[in-house]
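One structure is given here, and the rest of the page talks about it.
Read the figures in this text as sums done on the coordinates, not as results from a lab. Source: prediction; values computed, not measured. Cβ sites come from the backbone with ideal geometry, for glycine too, and all protein chains shown count toward neighbours.
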Amino acid sequence: MPECYISRVRIGRTKDYGKKMHRTLQKYFGYSSFRPLQEDIIKDVLEDRDTFVLMPTGGGKSLCYQLPALLMDGLTVVVSPLISLMKDQVDSLQASGINAAYLNSTLSYSEAKRIYREIENNEIKILYVAPERLTMSHTISLIQKANVSLFAIDESHCISEWGHDFRPEYRRLSFLKRKFPGVPIIALTATATPKVREDTIKQLGISDCGTYVASFNRKNLLYKIRPKKDTYKQILKYLRKHRGESGIIYCQSRKNVDTIASRLRRDGFNALPYHAGLSDSRREKNQEMFIRDDVEIVVATIAFGMGIDKSNVRFVIHHDLPKNLEGYYQETGRGGRDGLECECILFFSRGDRYKIEYFIKQKGKKEERDIALKQLQDMVAFCESTVCRRKVLLAYFGEVLEEDDCGRCDVCLQPRKKVDGTEEARILINCISELNQRYGMNHVIDVLCGSNAKKIRDKKHNKLASHGAGDIHTKDRWMEIAREMIQQELIKVQGARYPLLKLNKASMEVMNGKRKVTLTTIEDTDFEEPEPAERMVPDKAVASPGKTKNNSAPVSEIKWTANRDDGLFARLKQLRKKMAELQDVPPYVVFADTSLKQMASKKPGSKDEMLKITGVGEYKLKKYGETFLKEISNYCQEQEESSYNQNSVDDDPNSEKENQQNPACDTKETLASDPDQKREKILKTISGLEKELIILTKAKLDENFSEDEIRAVWSEILAESE
Ligand SMILES: Nc1ncnc2c1ncn2[C@@H]1O[C@H](COP(=O)(O)OP(=O)(O)OP(=O)(O)O)[C@@H](O)[C@H]1O
Ligand SMILES: [Mg+2]
Ligand SMILES: [Zn+2]
């Protein structure tokens, strides 16, 4: 957990990289501004300093080594544990015109040999390697011959035994500093407690590194907690409203995953399961289909998701309660990586809490059990909170959210009714006091509600004055009141294993009549989704280039507009899918949703206008610009024509009659009996396909071939066949 927020700015830099950095950012990545901390980190790296980067998932860590790699002379070696995703990462870089490659066990001997040769010839800028491959003597001598300018250790928490994802092969990376003393190291992670952070830095031998800790506030994520009741029905209702959008549904058990995935398929949704009980190949296939937009929904256990850079995940649903906030944060973090809105909905029940508690109590050492129970308590407190969810979540990561209303969580979107709760507060405090502050919430409230359970009678708590003093409310309502009083620090909870309710100075003030208490009441939402806030489309034109000192959410590049043409967006998505399939890459490698949405709202008409779209760099403009511009212009023309036709049909009272005489409206029988008309129809269809054929041909060639050149050749072929 970050304890401090450091943005180190070095004084007395000798080189000014500023302009070059911005130029490279635009040219290769198509972005007009850096996200918080990226610029400072990159400058440190370019000055050959070791750096440690802690940034939330989706925060933009990759750019912190990919961009310096392009500005530095030699080879950047990226260590990543995620072999299954290396190909996609490399495809993505290549699609932006960057010479990248990977070395791992999936390569054939001849493929690996080709990469070795390219490394020796200094043809590769960024090389992804699996840690076990990098520690092989052959690889070491290979990269010793190459001019290595930077080592980037991605998911660097894997090096620490204290982390949740320790990998022994990462441990051996400590040789890097010894063997390559002059080469800077950048270590990156999204999960690191202070202990893991210290250990990672120590193991890598980079104790003098610059440390960067970004804010964990992901502003584009909308957090919502729903009661876990008719859960499947609620999910179905949500999915029907969001057809065609990509999302993940997390469940605690494999059984739940399988059941929900198959029910969803029966109900007409494209959903696939993902859990450790499936074969490796099935898991890989399902993950790939999701990444490539072949399937919209993945129902998964927490085994799913690490390092996946699918940018357009629009919802993350937790069907069951997660075990801790760290896991919840990671899982929701897989949504909205393109900076656009993602809804994170968690179905909460106290029943789930007790189930998890039961499992925790079954195993492990006492110390581990206590930690797990405390984490579960924090998770539950988040779900039951009556203050802004974001505030609670960020507080868990040691960050303070200044504003009281984030505007993007269910609490802030549906403000609760405020009521005077001074009397209730007194009743509760009195009961805690009568019980000598030696009982937990459940017991205190059982006494208040006048329970005659054996445990109450045995302790003679049915004889206390407080027994039954709270019969004005139900037990559930008292639970809410107690939780709210804990949040307002009017009472406190002590002890991890057996949390007891205790009094404090504020409790005394309430009892002495020196303090009034305001509580909130929950409206019955009838499980309706509150209307989502206006859908958001980022607008690159308002980005402010230049150095950012803002250490907040990675969405500073965004201004939201809502004038997107959904018809055009759907067409551009189809075109993207086609181009991606032809090149055998995931669709986001061609363009992210952010880019397509901006195109659908701005409708660029020239290459210059296209360059202003976020995610369109010079290389992608050359490769795809013409094709996408054509699609946009065709779409706009079709829209115009159809509105013109519509108008003229509306205007002309004879139009119906005319239509009846139009040969295009002939019946099937006449057409079937007339070979000439059939031939004409076929020819018409073929010429209608011309546009698609040109696009397909262009995608198979490189950016040196324009659509006009291809069209000319196609016309020749058609003329010959006439
Ligand atoms: N300056 C920027 N402007 C706009 N988009 C950006 C910028 N930097 C990065 N991105 C985009 O943000 C997304 C997430 O970036 P990235 O994959 O680097 O995240 P990450 O920090 O590595 O997350 P994880 O921990 O999940 O791996 C990517 O789609 C990337 O293209
Ligand atoms: Mg990453
Ligand atoms: Zn909020």
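What the table below lists for this structure:
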read-out	value
Label zone at THR259 (point 7 Å along Cα-to-Cβ), backbone N below 16 Å, the stretch 341-374	347-349, 351-353, 355-356
Modelled label reach - ALA570, point 7 Å along Cα→Cβ, the stretch 285-300 residues with backbone N closer than 19 Å	293-297
Cβ-derived FRET efficiency at R0 30 Å, GLU402 paired with GLU434, nearest 0.05	0.15
The stretch 417-521, relative contact order in percent, only Cα pairs under 8 angstrom and at least six apart counted	40
Anisotropy class of the stretch 392-525 from Cα gyration tensor, a/c 1.5 cut	prolate
Fewest-first sequence of MET21, MET508, MET86 by Cβ atoms within 10 Å of each Cβ	MET508, MET21, MET86
Taking the stretch 570-647 and dividing mean pair separation by its residue count, relative contact order in percent (alpha carbons under 8 Å, at least six apart)	27
In order through the stretch 200-207: 3J(HN,Hα) via Karplus (6.51 cos²θ - 1.76 cosθ + 1.60), integer Hz, x for Gly, Pro	4, 4, 5, 4, 7, x, 10, 4
The stretch 163-281: relative contact order as a whole-number percent, Cα under 8 Å and 6+ apart	17
Mean-position separation - Cα centroids, the stretch 69-98 and the stretch 435-465, in angstrom	63
Low-density loop positions, GluC sites (Glu not before Pro), the stretch 111-144 - DSSP coil, at most 14 other Cβ in 10 Å	GLU123
Local electrostatic count at TYR396 - Lys and Arg +1, Asp and Glu -1, tallied over other residues with Cβ under 12 Å	+1
The stretch 113-163-the stretch 208-270 distance, computed between alpha-carbon centres (Å)	36
Exposure proxy ranking, count of Cβ atoms within 10 Å, fewest first, for HIS157, HIS443	HIS443, HIS157
Two-site FRET efficiency, LYS145 against ARG167, from Cβ-Cβ distance with R₀ of 25 Å, rounded to 0.05	0.40
Förster radius 22 Å - calculated FRET efficiency between SER108 and ILE83 (Cβ-Cβ, nearest 0.05)	0.90
Which of THR200, THR139, THR697 has the fewest Cβ neighbours within 10 Å, and the rest in rising order	THR697, THR139, THR200
Pairs from LYS255/LYS475; LYS374/LYS505; LYS391/LYS455; LYS61/LYS620 whose Cα-Cα separation, in the structure shown, is over 30 Å	LYS255/LYS475; LYS391/LYS455
Sparse-neighbourhood loop sites, trypsin sites (Lys or Arg not before Pro) in the stretch 128-237 - DSSP loop, at most 16 other Cβ within 10 angstrom	LYS229
